[in-house]
Amino acid sequence: MRLVLIGWGAIGAEVARLLMARKAPVDLVAVGLRAPRDGLPCPVLTDPADLAALRPDLVVEAAGRAAVLPWGLAALRAGADFAPASTSAFAEDGVLDRLVDLARAQGRQVVIPPGALGGIGALAAAARLPLDSVIHEVIKPARAWQGTEAESLCDLSGLAAPTVFFEGPAREAARRFPQNANVALITALAGLGADATRIRLIADPAAGANRHRVLAQGAFGRMEITLDNLPLAGNPKSSALTALSLLRLIENRAGALVI
Ligand SMILES: NC(=O)C1=CN([C@@H]2O[C@H](COP(=O)(O)OP(=O)(O)OC[C@H]3O[C@@H](n4cnc5c(N)ncnc54)[C@H](O)[C@@H]3O)[C@@H](O)[C@H]2O)C=CC1
Ligand SMILES: O=C([O-])CC(=O)C(=O)O
């Protein structure tokens, strides 16, 4: 399986490290970046148009929301499937539609990894019948919210208790907190959509992990899922499970058993 990773940050580098450590039957043929860089285990691409010559089977994005459309369109044009992690890009109308329309025309797929979340298979299955409500709480330590708009919405360094600093639709959460609320769009795409899915963003001075609580009700019954994800060493905003989720997706595509 010929793989291209877009982004070589905390998640991208960890995915590559795990693929090599596990001797996965995957050929990492290139990494896509904004600028050339030395020291990577494969060639670096900076122009999405150069993907086609590499004949990739799968392009996995873990870079940033600005990377999703250019690299996604180029991946699909190159005949690859495309799996984006920066799903906050789909808060903007038309971005996902453009990718899915091209995927259909090319006979390829856009695959949304569950990322830092679990239970997305159950929520997406439940959504085949009507859902009444989906609420997703993202509870992270104060340091994970540093450098975001949360700094102006609460006193991050002086928190005495868990503090809800945002509550609203998934679309708005993803637009305003693109580094921390990609998951809002994953829950939304699996369930009730970007406008009807409610998101609560919480800074907790006592939290040691990135917690996701997803509560859904509907014709299927009721679900409540809680994950306490340890952050990646390279980026406290990003859960380590995100890299594992991308690894799973890649290994499932390369192997004979899908699990
Ligand atoms: N789907 C999910 O559950 C989650 C998604 N994420 C998202 O995944 C992405 C990667 O996260 P991390 O590795 O933690 O971030 P990071 O900041 O450690 O690394 C990002 C890397 O991508 C590169 N990059 C940024 N913009 C780019 C662009 N337009 N084109 C090409 N390269 C670009 C940067 O130079 C850097 O190498 C982020 O967008 C993050 O918000 C993070 C956690 C969970
Ligand atoms: O990694 C996480 O826990 C969630 C996250 O940052 C995101 O969705 O952007």
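The values are calculated or read from the model by the stated rules, or taken from the named source; none is laboratory data. Keep in mind the model is a prediction, meaning the values are calculated, not measured. So basically every Cβ, Gly included, is an ideal-geometry build from the backbone, and we count neighbours across all protein chains shown. Surface areas here come from the heavy atoms of the whole protein model, side chains and all, with no ligands, DNA or RNA. Shrake-Rupley method; radii C 1.70, N 1.55, O 1.52, S 1.80 Å.
Below is a table of values for the structure above.
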| read-out | value |
| --- | --- |
| Normalised alpha carbon radius of gyration of the stretch 125-235 [divisor 2.2 N^0.38 Å] | 1.08 |
| Spacing of the two label points (7 Å from each Cα toward its C-beta) at A105 and L18, in nm | 3.4 nm |
| Highest-first arrangement of 22-28, 53-59, where packing means the average Cβ count within 10 Å | 53-59, 22-28 |
| Calculated FRET efficiency for the pair L257/Q179, C-beta based, R₀ 25 Å, to 0.05 | 0.15 |
| 10 Å binning of all Cα-Cα separations within the chain, expressed as whole percents from 0 upward | 7, 30, 35, 22, 5, 0 |
| Using θ = phi - 60° and Karplus 6.51 cos²θ - 1.76 cosθ + 1.60, couplings along the stretch 158-170 (whole Hz; Gly, Pro as x) | x, 5, 9, 8, x, 10, 7, 10, 8, 9, x, x, 4 |
| For T197, residues with placed amide H under 5 Å, excluding near neighbours | A170 |
| 3J(HN,Hα) from dihedral phi, the stretch 133-146, Karplus parametrisation 6.51/-1.76/1.60, rounded to Hz, x for glycine, proline | 7, 9, 10, 10, 9, 10, 10, 10, x, 4, 5, 6, 9, 5 |
| Model label zone, R222; criterion: amide N under 16 Å from point 7 Å along Cα-to-beta-carbon; scope the stretch 116-159 | 131-136 |
| Packing-based order for 248-254, 195-201, 112-118, using average beta carbon neighbours within 10 Å, highest first | 112-118, 195-201, 248-254 |
| Hydrodynamic radius (Kirkwood) for the stretch 10-136, which is based on Cα pairs only, to one decimal in Å | 16.0 Å |
| Nitroxide proxy distance, nm - points 7 Å out along Cα→Cβ at A35 and A66 | 1.2 nm |
| Accessible surface of the stretch 87-217 [probe 1.4 Å, protein heavy atoms]: carbon and sulfur percent | 48 percent |
| Inter-centroid distance (Cα atoms) of the stretch 81-150 relative to the stretch 23-76, Å | 20 Å |
| Mean accessible surface per residue for the chain, computed with a 1.4 Å probe while every protein chain stays in place, in Å² | 45 Å² |
